[in-house]
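The values are calculated or read from the model by the stated rules, or taken from the named source; none is laboratory data. As the structure is a prediction and not an experimental result, all values here were calculated from the model. Cβ placement follows ideal geometry from the backbone for every residue including glycine, while neighbour counts extend to all protein chains displayed.
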Amino acid sequence: MTTLDLPPVAASGPAGAPAPAAVDPPRPEKRIRIGGVTRDDVLTVAGAATGSLALDWVLYERVLPFSGAFGFLICWYLLFLAGYYLLGRLQWNPMMVRDRLIAVVAWSSGLLVVGLIADQIGYVGSRGWEAAQHLNFFTESMEHTGPLDPLTSGGALNAIVGSLEQLGLATLFAVPLGIAAAVFMSEVGGRLARPVRTLVEAMTALPSIVAGLFILGVVIITFGFEKSGLAASLALTVMMMPIVTRAAEVVIRLVPGTLREASYALGGSQWRTVWNVVLPTARPGLVTAVVLGMARGVGETSPVLLTSGFTSQFNGSPVDGHQVSLPLYIWNYVKQPYDGMIARGFAAGLTLMGVVLILFVTARVLGGRRPGQLTRAQRRRFDREARRQRAAAAGGVARPYALPPRAER
Amino acid sequence: MTSAAQPAAPYAGAPRQPGHGPDQDVPRTVTAPATPGDRVFRGVLRLAGLSVFAIMGLIAFFLILRGTDALRTVGWSFLTEQKWQTAAHNFGIAAVLPNGLLIAVIALVIAVPVALGTAIFISEYAPVRLRAALISLVDLMAAIPSIVYGLWGLFFLQPRIIGFVRWMANHLGDTIPFLKVRIGDIGTSYTSSTFIAGVVVSLMIIPIVTSLSREVFSQAPQGEREGAYALGSTRWGMVRAVVLPFGKGGVIGAVMLGFGRAMGETIAVALIISPNFKAITHILENGANSISALIALRFGESDALSLSALMAAGLVLFALTLLVNVLAGIVINRSRSGAATAD
């Protein structure tokens, strides 16, 4: 928490360059730390946690007729809150205790969410490893594998290829449409922009099963095409397009208006401005928008379930015949009563999580910046350039210091 | 513009007359004729914008078109019939719709406190260095595929939560009727229930509610926060007096959006429940259903009337979620525009 803005001298005091030893400088002002954690705080939390854990164990496991890890944790938490309150009351006034209690509740809900994510990833990872450690899981399809065959036979190659193809096609459809709609809302605007935005927001939350049902109703029932990867990618397009639109609109709006004005002042037309100024400036954010849409699309199960059809065979063609994808593969095999099949389902889940994680991390790495904001390397390069030009202008040597070799940049 | 600062106007707010003297400049409206290229460009963009209407319109149109058969067969009893026997022309959503809503409500009851706590934690309590990482993590939670939530719920959560469910049924069931389990006390009486489906769905809406609420919380004006501190408030006092009132509209919108998402959630619910077609009154008992799970589990039936009935059910789901989401969108937008004027 920073609620005080001290002058920069004070803020950079201890961390700044060491003062020369010759003069005796006035002691640099120290920034006052508000809040922070004292030893008492830590010990109170730790004491309440251990005390309540012990009490919980005695009550839950020995005295009362309860069972199950879930109930144990809930009881522990409730006892912990009570214990923390009592410990707090011993040292602080009621208002402060309430403040601390709320802080603890806030911390614990944050930790709960983090724990849930870690648990999901960890659980799917550990269950999935059983089948995913055999390389054949990534190189074979399920065509010649029966329900009781060992895990060294059969795999999810068909589903992986199907997922990638369907995702690729859906991206191909959704991205141009989505970005164009976003540019429409932010650059053209007008009376239509607001209803479009409201509808895009509503469409983001469209139940995925309805998207599947729609494509099933149009492509397969009305026009009589076979279920195929292409139909699935159309359903995915309906899901991905609003996500791309919304995320893209946010970054396009962040592009500074001065850049647009500069382009217009140079005589650029609107489409030149959008194409050469706005979109390139927003590029990292747009890539993030696309990748987030992809991460969402690859995991959608219900649209694919209704439209792509299931097959255990390898099918490389999205337009011809049933084509399985990872979510559908999981859905189909974990419902079977065979341990091997469930293990394969989990391994596919692990693969799917891996794909989502890779896409997600890509999006974060590319999209951490605001439009026009430079990466550290870019900023260094510009700084160097500026310094050299200043030096040249001042009549000094053109290159007052040695530039690092090219490879270091 | 600069003209407001000029002393030339006799009194504040006096009408300025442009063109009278150099001191009274007013910005001139620049109009540039659109080039043909621009006109095409705008036309294309407008088409892209309109495609959203087209897609949503087509969805509604085709669901109605395909659902008419079923609706015509059973008429109004589609809304009042609980059973789903398409071959006997005896089907309706009177059981699946309320059961789906019940799952969504349970999900909200669990998710909203956790999500609000997390949102407050991230925007107010978490160390600044952790904040960006936590935001990413919540976004990641939203990106985890629903089938993975389903797997986790079915294989990890369900076996571990049964003890707690049994305890609730046996000890609270007598005082709180809807927690009672009326079927025999064996393990499977407590599985695949509305409650467990609701718990899993709650995990899926936590990230949505969290990220939207966090966004509005973090927009609470800094000046008022400092004001609260300066008046001697504790951090919780500040949160309660400044952040929560400021974010109320956004939180309501976020909860509605979460509700819409929970209603439409399919795969995790379909994996966990064992479908039945009675209106659920006891949420801990084995057996549950929702429109989306019904569609996912039954779409394989090949006769035209069954599919048509599913389309009709899908239409109801579509209309309901659209309504909830548009309302939520309006609430959120209103709270955002309020946020813009507050500081």
- Query: Quick one: is A:VAL218 crowded, with 24+ Cβ neighbours inside 10 Å and either over 24 Å from the mean Cα position of the chain (by Cα) or within 30 Å of B:ALA312 (Cα to Cα) (or both)?
  - Reply: no
- Only one of (1) part of a helix (DSSP H, G or I); (2) in contact with an Asp or Glu (Cβ under 9 Å, 6 or more places away or on another chain) fails for A:SER153. Which number is that? (1)
- State which residue is surrounded by the most Cβ atoms within 10 Å (Cβ to Cβ) when the search covers only the range A:120-145 and only residues that are within 14 Å of chain B (Cβ to nearest Cβ) and free of Cβ contacts under 8 Å to residues at least 40 places away in the same chain. A:GLN120
- Item | the range B:126-143: number of residues that are out of contact with any Leu (no Cβ under 9 Å at 6 or more places or on another chain) and either hydrophobic (A, V, I, L, M, F, W, C) or buried (at least 24 other Cβ atoms within 10 Å of the Cβ) (or both) | 9
- Only one of these conditions is not met by A:PHE80: (1) at pLDDT below 90; (2) surrounded by 14 or more Cβ atoms within 10 Å (Cβ to Cβ); (3) farther than 21 Å from B:ILE122 by Cα. Which number is it? (1)
- Is there a residue being crowded, with 21+ Cβ neighbours inside 10 Å, outside any helix (DSSP H, G or I) and of a type in the set (Ser, Thr, Tyr) anywhere in the range B:224-236? no
- Query: B:PRO33 versus (1) within 14 Å of chain A (Cβ to nearest Cβ); (2) exposed (fewer than 14 other Cβ atoms within 10 Å of the Cβ); (3) part of a helix (DSSP H, G or I): which is the lone unmet condition?
  - Reply: (3)
- Task: Tell me which of these B:PRO221 doesn't satisfy, since it passes every other one: (1) within 12 Å of chain A (Cβ to nearest Cβ); (2) more than 28 Å from B:PRO145 (Cα to Cα).
- Result: (1)
- Query: For the range A:292-320, how many residues meet the condition of being among the β-branched types (Val, Ile, Thr) and either surrounded by fewer than 24 Cβ atoms within 10 Å (Cβ to Cβ) or at pLDDT below 85 (or both)?
  - Reply: 2
- Any hit, the range B:297-313, residues being facing chain A (nearest Cβ under 7 Å) and within 22 Å of the chain's Cα centre (by Cα): no
- Working only within the range B:238-247, note down all residues that are more than 9 Å from every other protein chain (Cβ to nearest Cβ) and among the hydrophobic types (A, V, I, L, M, F, W, C). B:MET238, B:ALA241, B:VAL242, B:VAL243, B:LEU244, B:PHE246
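Taking the conditions exactly as written (crowded, with 24+ Cβ neighbours inside 10 Å, of a type outside the set (A, V, I, L, M, F, W, C) and more than 30 Å from the chain's Cα centre (by Cα)), does A:GLY212 satisfy them or not? Walk me through it before giving the result.
Working: crowded, with 24+ Cβ neighbours inside 10 Å: yes; of a type outside the set (A, V, I, L, M, F, W, C): yes; more than 30 Å from the chain's Cα centre (by Cα): no.
For A:GLY212, the condition - crowded, with 24+ Cβ neighbours inside 10 Å, of a type outside the set (A, V, I, L, M, F, W, C) and more than 30 Å from the chain's Cα centre (by Cα) - is not met.
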- Task: Out of the residues in the range A:146-181 that are in contact (Cβ under 8 Å) with a residue 40 or more places away in the chain and among the polar types (S, T, N, Q), state the one that is surrounded by the most Cβ atoms within 10 Å (Cβ to Cβ).
- Result: A:GLN166
- Query: Going by the structure shown, is B:VAL269 closer than 22 Å to B:VAL200 by Cα and assigned to a helix (DSSP H, G or I)?
  - Reply: yes
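Hey, could you check the range B:212-223 for residues that are surrounded by 21 or more Cβ atoms within 10 Å (Cβ to Cβ) and assigned to a helix (DSSP H, G or I) and say which is nearest to the chain's Cα centre (by Cα)?
For the range B:212-223, the residue satisfying everything is B:LEU212.
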- Query: Among the candidates B:GLY264, B:GLY250, B:GLY258, which residue alone is crowded, with 19+ Cβ neighbours inside 10 Å, out of contact with any Phe, Trp or Tyr (no Cβ under 6 Å at 6 or more places or on another chain) and more than 13 Å from chain A (Cβ to nearest Cβ)?
  - Reply: B:GLY250
- Is at least one residue of the range A:42-60 exposed (fewer than 15 other Cβ atoms within 10 Å of the Cβ), part of a helix (DSSP H, G or I) and acidic (Asp, Glu)? no
- Task: Inspect all residues belonging to the range A:57-69 and state whether any of them is closer than 19 Å to A:LEU112 by Cβ and out of contact with any Leu (no Cβ under 7 Å at 6 or more places or on another chain).
- Result: yes
- Task: Read through the list (1) within 9 Å of chain B (Cβ to nearest Cβ); (2) in contact (Cβ under 8 Å) with a residue 12 or more places away in the chain, then give the number of the only condition that A:GLY190 fails.
- Result: (2)
- Message: For the range B:102-171, give me every one of the helices (runs of 4 or more DSSP H) that falls completely inside it and has 3 or more residues that are at pLDDT below 90 and more than 8 Å from chain A (Cβ to nearest Cβ).
- Response: B:128-143, B:158-167
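Yes/no per residue for (1) away from chain B (no Cβ under 11 Å); (2) out of contact with any Pro (no Cβ under 7 Å at 6 or more places or on another chain):
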residue: A:ASP320; (1), (2): yes, yes
residue: A:VAL324; (1), (2): yes, yes
residue: A:TYR329; (1), (2): no, yes
residue: A:GLN336; (1), (2): yes, no
residue: A:ASP339; (1), (2): yes, yes
residue: A:GLY345; (1), (2): no, yes
residue: A:LEU350; (1), (2): no, yes
residue: A:MET353; (1), (2): no, yes
residue: A:VAL356; (1), (2): no, no
